[in-house]
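Student: Handing you this structure, nothing more for now.
The values are calculated or read from the model by the stated rules, or taken from the named source; none is laboratory data. Keep in mind it's a predicted model, so treat the numbers as computed, not measured. Cβ placement follows ideal geometry from the backbone for every residue including glycine, while neighbour counts extend to all protein chains displayed. These area figures cover heavy atoms from the full protein model, side chains too; ligands, DNA and RNA do not enter into them. Shrake-Rupley method; radii C 1.70, N 1.55, O 1.52, S 1.80 Å.
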Amino acid sequence: MSNVDRALSIGRAESEQYVEDTSALFGAARLPRGVLFGREQRKAIGAVSARLGTRTLLVTDPRQAAQPEFAAIQDDLAACAVETQVFDGVVPDLPISAIEDCVELARVFQPEVLIAVGGGSSMDLAKVTAVLLAHGGHVSDYYGEFAVPGPVLPLIAVPTTAGTGSEVTPVAVVSDEARGAKIGIASPYLIPQVAICDPELTVSCPPELTAVSGADALTHAIESFTVAKRHYDPLLTEEHVFVGKNVLSDHFARLAVVNLFRYLERAFKDGSDLEAREGVMLAALAAGCAFGTAGTAAAHALQYPLGNLTHTAHGAGVAALLPFVMQFNRPACEESFAELADLIGLPGGSTEERSQAFVEAVADLLAVIGIPRSLAELGLAEDEQEYVAAHSLDAARLIKNNPRPLDLAAMRAITQAAFSGDRQRLIKI
């Protein structure tokens, strides 16, 4: 059986677990033990770390390691009698080789705590390192859901971008070059013990990074708000890392969408606008809280093969796909999209009109901040469309989350529309 056929078979079997049940409420949330949010909260890192251990490995990238704020974090840790070692070899798309280098350094230093300072790759590298230090083995031993057998080293996540939400999520994504794919590791044990979110750390983000990070958060929020519901089995959270749409994840998703429409364009145009930086970082945090429990869907499934081919930023890929996925899903999401349209203040009308207006508003916001309007503009070659459509189905956990059933024909339709930049061709599908 091919990977595509296997994914379709899994998707059909697991889709039976999903229901549209509005007669009962169900909520689930998996979150860090502590979340600190606000200006200057980075100054608590030393005290928080000292409470967890006296030897700390700082995980970051070369750009962050050279920032004065990073030096101040090291000084704060020293003042709190915490011995530190720095690993600054984080690179985008998180290759396994970088994880292995970090683990090798850590095994010599023997940290009691890991602190990730940076974007999604820094936090994901720290998560996987924490797993390997606790349980050994190879990165590939932990692919998929629930493969991490128990608690890992304590982790403090300090994001310096506002988008991935990795500071609060149970997932890390690595690039397995041998397999030619990005693969997820998903386990509640990956959730950092403490997330420290200081919007002042995002002020140095250039406009392009601000845009793709914020667009990533918007995709997380919208997809988590519209993923399919499941039967409300009491063991649901024990059997699945991502449990579908629920009242708690919806609360976070609404907050994220409202803030991104209010502040993302402002932060993109003026990075020194601290109110906007606060609003976007709060949105990214909330979106992480939402999708870390509910999950994401088709835009993320399509991004995996798209990113492998184009080597473009994850946020740019999912955001370029988002309006097309929304257009395809709209018949199954009319009420949800209409509710979000109301929340951001779009004009009234029928449910159908308001839901379509929300799709248009998302596309307009993404265009204003410079997200590519088509996959061709993103760099996908015309003859690579079939590869994207077919291999998107490999991400079975994302396919099963989508609110509208997906098969190869559906993925082809979305990919072809996104490649040409023509959402109209999806309206009658």
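Student: For HIS240, what accessible area in Å² do you get when you roll a 1.4 Å probe over the heavy atoms of the protein chains, rounding to the nearest 10?
Tutor: 20
Student: Which FRET efficiency value, to the nearest 0.05, is calculated for GLU100 and THR54 with the Förster distance at 35 angstrom and r the Cβ-Cβ distance?
Tutor: 0.85
Student: Does anyone have the angle between helix 120-135 and the longest principal axis of the chain? Alpha-carbon axes, 0 to 90°, nearest 10?
Tutor: Taking Cα atoms only, the helix is inclined about 60 degrees.
Student: How much accessible area does CYS205 have with a 1.4 Å probe, in Å² rounded to the nearest 10?
Tutor: Using a 1.4 Å probe on the heavy atoms, I get roughly 10 Å².
Student: Hey, another quick one. Need one number: the % of Cα-Cα pairs in region 63-104 sitting beyond the 15 Å mark.
Tutor: On the way: 450 of 861 pairs.
When all Cα pairs of region 63-104 are counted, 52 percent exceed 15 Å.
Student: Just grab the label-to-label distance for ALA413 and SER204, each label 7 Å out from Cα along the Cβ direction, in nm (one decimal).
Tutor: For ALA413 paired with SER204, the spin-label model returns 4.7 nm.
Student: Follow-up. Taking θ = phi - 60°, what integer Hz values does the Karplus form 6.51 cos²θ - 1.76 cosθ + 1.60 yield along region 370-386, in sequence order, with x for Gly and Pro?
Tutor: x, 6, x, 8, 8, 6, 4, 5, 6, x, 6, 7, 4, 7, 9, 4, 5
Student: As I understand it, the dipole of region 233-302 uses +1 on the Cβ of Lys and Arg and -1 on the Cβ of Asp and Glu, about the Cα centre. Which of SER272, ALA301, HIS251 lies farthest toward its positive end?
Tutor: In region 233-302, that residue is SER272.
Student: Let me ask something else about it. What is the sum of charges, Lys and Arg at +1 and Asp and Glu at -1, for the other residues whose Cβ falls under 14 Å from the Cβ of ALA29?
Tutor: +2
Student: Relative to the longest principal Cα axis of the chain, at what angle does helix 274-294 sit, 0 to 90 degrees, rounded to 10?
Tutor: The angle comes out near 70 degrees.
Student: Based on the Cβ-Cβ distance from SER140 to PHE109, what FRET efficiency comes out when R0 is 25 Å, to the nearest 0.05?
Tutor: 0.55
Student: Between ILE344 and ALA79, what is the spin-label point distance in nm, taking each point 7 Å from the Cα along the Cα→C-beta axis?
Tutor: Reported label-point gap for ILE344 and ALA79 is 4.1 nm.
Student: Also, I was wondering about something else. Placing one identical point scatterer on every Cα of region 231-376 and ignoring solvent, what is log10 I(q)/I(0) from the Debye formula at q = 0.13, 0.18 Å⁻¹?
Tutor: One equal scatterer on each Cα of region 231-376 leads to -0.65, -1.23.
Student: OK, next. Mind listing the Cα extents of region 343-429 along all three principal axes, in Å, largest one first?
Tutor: The Cα atoms of region 343-429 stretch 40, 29, 23 Å along their principal axes.
Student: I've got another one for you. One-quarter of the Cα convex hull surface for region 220-287, in nm²?
Tutor: Value for region 220-287: 4.8 nm².
Student: While we're looking at this one, here's another question. I need the phi-derived Karplus couplings for region 416-429: 6.51 cos²θ - 1.76 cosθ + 1.60, θ = phi - 60°, integer Hz, Gly and Pro marked x.
Tutor: 5, 5, 5, 5, 7, x, 10, 6, 4, 5, 9, 5, 9, 7
Student: When the Kirkwood hydrodynamic radius is evaluated over all pairs of different C-alpha atoms of region 121-199, what value in angstrom, to one decimal, is obtained?
Tutor: Result for region 121-199 stands at 12.7 Å.
Student: Let me ask another. Treating region 170-209 as a set of equal point scatterers at the Cα positions, no solvent, please give the Debye-formula log₁₀ I(q)/I(0) at q = 0.15, 0.24 Å⁻¹.
Tutor: The calculated log intensity ratios at q = 0.15, 0.24 Å⁻¹ are -0.66, -0.84.
Student: Okay, next question. Percent of Cα-Cα pairs more than 29 Å apart in the chain, please.
Tutor: Tail of the P(r) past 29 Å holds 41 percent of the pairs.
Student: Using 0.36 nm per residue, how much length does the chain from ASP270 to GLU69 gain when fully extended, once their Cα-Cα distance is taken away?
Tutor: On the way: separation 201, 0.36 × 201 = 72.36 nm, distance 2.04 nm.
Contour length minus Cα-Cα distance gives 70.3 nm.
Student: Compute a Gaussian network model of the chain, connecting alpha carbons closer than 10 Å, and tell me which residue from SER355, SER204, SER166 fluctuates the most.
Tutor: SER204
Student: List the extent of the Cα atoms of region 152-262 along each of their three principal axes, largest first, rounded to whole Å.
Tutor: Projected onto its principal axes, the Cα set of region 152-262 covers 45, 38, 30 Å.
Student: Ok, one more. How would you order 153-164, 248-259 from highest to lowest mean count of nearby Cβ atoms within 10 Å?
Tutor: The peptides rank, most packed first, as 153-164, 248-259.
Student: Follow-up question, since we're still on this one. Hey, rough spin-label estimate for LEU235 and THR351, points 7 angstrom out along Cα→Cβ, what's it come to in nanometres?
Tutor: The modelled label-to-label distance comes out at 3.4 nm.
Student: Okay, next question. Using a/c under 1.5 as the rounded threshold, could you call region 34-155 rounded, prolate or oblate? The axes a ≥ b ≥ c are square roots of the C-alpha gyration tensor eigenvalues, and prolate needs a/b larger than b/c, oblate otherwise.
Tutor: Taking the square roots of the gyration eigenvalues as a ≥ b ≥ c, region 34-155 is prolate.
Student: If you don't mind, another one. Could you state the number of Å between the C-alpha centres of region 345-409 and region 260-288?
Tutor: One Cα centre to the other: 22 Å.
Student: Here is a follow-up. For region 233-308, which GluC sites (Glu not before Pro) are in a loop by DSSP, counting at most 12 other Cβ atoms within 10 Å?
Tutor: none
Student: Grab the other residues whose beta carbon is less than 13 angstrom from that of GLN74, score K and R as +1, D and E as -1, and report the net.
Tutor: Taking every other residue near GLN74 into account, the sum is -3.
Student: Mind ranking 132-138, 219-225 by how tightly packed they are, going by the mean number of other C-beta atoms within 10 angstrom, highest first?
Tutor: 219-225, 132-138
Student: Evaluate the charge dipole of region 53-149 about its Cα centre and quote only its size in Debye, nearest 20, assuming +1 on the Cβ of each Lys and Arg and -1 on the Cβ of each Asp and Glu. Walk me through the numbers before you get to the answer.
Tutor: Working: 4 positive and 14 negative charges, 25 e Å.
For this selection, approximately 120 debye.
Student: Next question. Which percent, to the nearest 5, of DSSP beta bridges fully inside the chain are antiparallel?
Tutor: About 25 percent, rounded to the nearest 5.
Student: So how exposed is GLU40, as accessible area in Å² (1.4 Å probe, rounded to 10)?
Tutor: About 90 Å², ignoring ligands and nucleic acids.
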